[in-house]
Every structure is written in structure tokens, then in C-alpha cells.
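Report on the following structure.
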Amino acid sequence: MDQRNRRYGYVRVSTKEQNEDRQLLAMQVGIPAACLFTDKQSGKDFDRPAYRRLLHVLREGDILVVKSIDRLGRDYEEIIEQWRCITKEIKADIKVIDMPLLDTTLSKDLLGTFIADLVLQVLSFAAENERENIRQRQREGIEAARARGVRFGRPCVEISPEAADAILRYKQKKLPLQQALIQSGLSQGTFYRTMKAMEL
């Protein structure tokens with residue numbers, strides 16, 4: 001098999017709960033299964049095993065296909081850096097399915113490269129700006145909920161007199177841990193958390 005000018009696909013889903021089938025389906029045409037690389041991790045950093053393997057096998061003249069530009073990263077700088085690494089250092093091409101203008105195979109002249117780079121920067125900025133807007137809305141929602149008296153974090157633990165007595169005697173070294181757990185009726189984790197809460 002000719003190893004030159006191969007097509008590779010990269011798929012990333014942010015969490016293990018998300019399904020990558022939509023991305024895989026979009027790039028099945030012309031890409032063998034052995035050339036599909038999938039990560040189920042956040043794009044916050046690039047310490048991703050499948051992505052690292054992909055960069056090792058990608059060669060000049062190869063084509064990397066992604067469903068959308070944000071598969072390369074989660075922030076503007078990282079997307080630009082990965083685009084530069086793949087297209088300028090490795091000298092492979094990139095094809096973004098959701099944005100036909102981001103296809104470095106279409107035109108190799110100066111104008112074609114300029115247009116692709118310009119579109120990339122605009123889209124990367126827009127993607128990062130949208131993520132920042134989402135984070136801002138989340139912060140505002142949390143603040144509004146707190147203003148209404150909504151509490152976040154673990155609920156307060158009701159401490160029974162038996163549990164309080166067992167914790168106190170355990171802290172005074174008058175009761176071994178196992179007996180204190182039995183007397184309090186708490187699991188070991190809850191026992192320690194309750195003991196910490198009593199110290200506040």
C-alpha cells in the first residue's frame with residue numbers, strides 16, 4: 001500500500017459521556033479505520049494519546065480531516081498553534097468538514113493560504129469568544145442563585161448526639177476508630193468529614 005498522501009481523521013469528544021459517532025460518520029468516506037484517531041478528553045491541554053500518535057504518523061502531503069475546527073483545541077492560541085504545526089512544520093493539509101473554506105488542499109497559492117489562515121483566525125476567535133460568554137453566563141447564574149439563597153457544595157450534615165459524642169471521645173483518644181464508627185453510625189469518610197465540620 002502506498003504510504004504517501006494518506007488521509008487521516010481525528011475525532012475528539014470532551015467527556016467520556018459524549019458520543020463520537022456523529023464525527024466518525026462524517027469522515028468515514030475515504031478514511032480507513034486504521035487511520036482514524038479518537039480521544040475522549042478535554043481539549044484544554046494537548047496531552048492526549050491519540051492526538052500525539054497522529055502527529056507522529058502525519059507526514060508531508062498527508063491530509064488531516066476534522067469535523068470542526070474546535071477539535072484541534074479549546075482556545076484561540078492553541079488552535080492557531082496546532083494549525084501552524086500541521087500545515088507549516090509537518091507540511092500536511094487540513095480539511096475541516098463543517099467549514100469548506102478551511103481546506104488547504106483547495107489552493108496552494110499565496111491567496112488560497114491567506115484566505116484559509118484568515119478564516120481560521122476569525123473562527124477560532126469566535127469559538128473562544130462563545131466559550132467565554134458561556135462561562136460568563138454560568139458565573140452570572142451561580143451568583144443569581146446564591147442571591148436567592150441557593151447553596152452549592154455538599155449539604156450540611158445533621159450531627160446526632162451519639163455521633164458528636166463518638167467524635168469527641170475519638171479526638172480525646174478515649175475511643176478507638178472502629179468503636180467510634182459503630183457508636184456514631186457513620187461511614188469512615190462521613191465520620192472524618194463530620195469531625196472536620198465540627199472543628200469549623
| Under a 5 Å amide H to amide H cut-off, with H placed in plane at 1.01 Å, what residues pair with ARG7 once short-range neighbours are removed? | ILE63
| remark: The long-range amide H neighbours of SER160, using H built 1.01 Å from N in the peptide plane and a cut-off of under 5 Å, are none
| Amide hydrogen neighbours beyond the local backbone of THR38, cut-off 5 Å, H modeled | VAL11
| note | For the range 139-148, Karplus-derived ³J(HN,Hα) couplings (6.51, -1.76, 1.60; θ = phi - 60°; whole Hz; x for glycine and proline) come out as 4, 5, x, 5, 4, 5, 5, 5, 5, 7
| request: Express the carbon and sulfur contribution to the solvent-accessible surface of the range 50-200 as a percent, rounded to the nearest whole number, probe 1.4 angstrom. | output: 57 percent
| So what are the ³J(HN,Hα) numbers for the range 120-137, from phi and the Karplus equation (6.51, -1.76, 1.60; θ = phi - 60°), rounded to whole Hz, Gly and Pro as x? | 4, 5, 5, 5, 4, 4, 4, 5, 5, 4, 5, 4, 5, 4, 5, 4, 5, 5
| task | Between CYS85 and GLU132, take the C-beta separation as r, use R0 = 22 Å, and let me know the FRET efficiency to the nearest 0.05. | result | 0.35
| said: Along the Cα→Cβ direction, 7 angstrom out, place labels at ASP75 and LEU111. What is the inter-label distance in nm? | reply: 3.7 nm
| task | Read phi for every residue in the range 76-82 and hand back ³J(HN,Hα) as whole Hz from Karplus 6.51 cos²θ - 1.76 cosθ + 1.60, θ = phi - 60°, with x for Gly and Pro. | result | 3, 5, 5, 4, 4, 5, 5
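The values are calculated or read from the model by the stated rules, or taken from the named source; none is laboratory data. Remember, it's a predicted structure, so these values are computed and weren't measured experimentally. All Cβ positions, glycine included, derive from the backbone under ideal geometry; neighbour counts span all protein chains shown. Side chains are part of the model used for accessible areas, which takes the heavy atoms of the whole protein and leaves out ligands, DNA and RNA. Shrake-Rupley method; radii C 1.70, N 1.55, O 1.52, S 1.80 Å.
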